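Okay, structure first, notes after.
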Amino acid sequence: MGFVKKLLSFALLGASLQGLALGDDFPPEDIESGKALQQLSKTAYDNAIARLEASPSSTCTKENVRVRKEWRSLPGEERTAYRKAVECLMNQPDVYGNETSGPRTLFDSFGVLHYHLTPAVHNSAYFLLFHRLYVWTFEEKLKTVCGYTGSLPYWEWGLDAASVENSPLFDGSETSMGSNGAKENKTNPGFFPGGSGGGCVTAGPFTNYTVNFGPNTAPDPLAYNPRCLKRDLNTQICAQWASLKNTTDTILESPDIALFQANLQGDFRWPEARKFGFAVHGGGHFAIAGDPGGDFYFSPLEPVFYQHHGQIDRMYFIWQNLDWENRQTMDGTITMMNMPASRNGTLDDVLDISPVGGAFQYRELLDTLGSSPFCFVYE
Ligand code: CU
Ligand code: CU
């Protein structure tokens, strides 16, 4: 074999191995059906466990690693235990003290934190790592304050693209996180196609939950403003932007962190990301919508925020673990859409979420295993 031909065949072999490793040769029907996503998820899980086996830390081992699972794969009693732990956080005191009149509970404190950091942690360098720490801190509080023994369940939106209303997360049963909002007649649905609810949650858990502050458009967003939890479940948005195909394509079509986070958030500054529209991040949020679920600043006051962002973090986990060595970087600046223009974020920057949680260098948050505060994988 001539030298050039040999080189070429090596290159082709390399390309096809790379293709196999990243799975970008899946047939279209497997991408549509979610079979491809299942395989990617399994590969990422296996790779992560292999890394853990190769280098366990003193606190994180294969034996004690936390495994986060999809909502519907949990037995009913585990879903109920999770929901009760969230209700417990709604009965613990706020940690911000008396700065503002709205926040009453530890659950509320997470909303205050998110409100303060919103302009720095969305469409910025910090988006994925901030939300990873944020969701984990919520899981830790469930465990340490409320005695929850499970791990944080996530919501794979694409599984409900045929009917969000019938999702085991929203069907209003005792093992759900409460129902859709009451159907409201909308004369002006606004920018988004309207959902199927819009009013107060009518059945099951969180029917009597009081949202204590917000919305972001209020004159004083942190002032006490008690009201019901409203939802406007939206199957059309889920199917269009948060489908299994969109989720899979986002993972497969993102060779670097800049494009991955752009595709996941529909950041139109990247031409490649424009076809994803609202993208899976916006798609998941607006499949729930309502108040405060549709509020950019206060969406964490909607209890299922944590299932939605669990899935965002799961996508990040899968993407990272498909090519771990090359996927421990950060890209972007420290302001939303770089407005106002700002410096680049770095892994040496410190993320301090006190008094809700701790302070860490972003570098420490890259790995969900090992030399980090974390010790979890996604199934
Ligand atoms: Cu957020
Ligand atoms: Cu979000």
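The values are calculated or read from the model by the stated rules, or taken from the named source; none is laboratory data. The model shown is predicted, which means the values in this text are computed figures rather than measured ones. Backbone-built Cβ (ideal geometry, glycine too); neighbour counts: all protein chains shown.
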Give me a count of the residues in the stretch 292-328 that are near ligand 2 (Cβ under 10 Å from one of its atoms) and among the β-branched types (Val, Ile, Thr). 1
Is it true that some residue in the stretch 102-116 is out of contact with any helix residue (DSSP H, G or I) (no Cβ under 8 Å at 6 or more places or on another chain) and of a type in the set (Phe, Trp, Tyr)? yes
Going by what's in this entry, would Leu152 be described as closer than 23 Å to Glu70 by Cβ and more than 16 Å from ligand 1 (Cβ to nearest atom)? no
Counting only residues that are part of a helix (DSSP H, G or I), modelled with pLDDT of 95 or more and surrounded by 12 or more Cβ atoms within 10 Å (Cβ to Cβ), the stretch 16-44 contains a total of 14
Within the stretch 137-144, is there a residue that is within 16 Å of ligand 1 (Cβ to nearest atom), of a type in the set (D, E, K, R) and farther than 25 Å from Val280 by Cβ? no
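Table: residues versus (1) within 16 Å of ligand 2 (Cβ to nearest atom); (2) in contact with a Ser or Thr (Cβ under 9 Å, 6 or more places away or on another chain); (3) in contact (Cβ under 8 Å) with a residue 40 or more places away in the chain.
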residue: Gly97; (1), (2), (3): no, no, no
residue: Leu129; (1), (2), (3): yes, no, yes
residue: Val145; (1), (2), (3): no, no, yes
residue: Trp157; (1), (2), (3): yes, yes, yes
residue: Asp160; (1), (2), (3): no, yes, yes
residue: Pro168; (1), (2), (3): no, yes, yes
residue: Asp171; (1), (2), (3): no, yes, no
residue: Thr175; (1), (2), (3): no, yes, yes
Select the helices (runs of 4 or more DSSP H) contained entirely in the stretch 223-294, then report the ones holding at least 1 residues which are closer than 23 Å to Lys35 by Cβ, away from ligand 1 (no atom under 16 Å from the Cβ) and aliphatic (A, V, I, L, M). 235-241, 244-252
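Conditions (1) in contact with a helix residue (DSSP H, G or I) (Cβ under 7 Å, 6 or more places away or on another chain); (2) at pLDDT 95 or above; (3) not in a loop (DSSP other than H, G, I, E, B), marked per residue:
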site	(1), (2), (3)
Leu152	yes, yes, no
Gly158	yes, yes, yes
Leu169	yes, yes, no
Ser173	no, yes, no
Met177	yes, yes, no
Asn185	no, no, no
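What strands (runs of 3 or more DSSP E) lie completely within the stretch 305-379 and have 2 or more residues being crowded, with 22+ Cβ neighbours inside 10 Å?
376-378
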Hey, does the stretch 45-68 have a residue that's part of a helix (DSSP H, G or I), among the polar types (S, T, N, Q) and touching a Phe, Trp or Tyr at 6+ places or on another chain (Cβ under 9 Å)? yes
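Got at least one residue in the stretch 100-116 being more than 16 Å from ligand 1 (Cβ to nearest atom), at pLDDT below 95 and not aliphatic (A, V, I, L, M)? Even if it seems obvious, please write down each step before you answer.
From the stretch 100-116, those more than 16 Å from ligand 1 (Cβ to nearest atom) are 100-106; that's our starting set.
Then drop every residue that is not at pLDDT below 95, which leaves 100-101.
Restricting the remaining residues to those that are not aliphatic (A, V, I, L, M) gives 100-101.
Within the stretch 100-116 (the criterion being more than 16 Å from ligand 1 (Cβ to nearest atom), at pLDDT below 95 and not aliphatic (A, V, I, L, M)), the answer is yes, since at least one residue qualifies.
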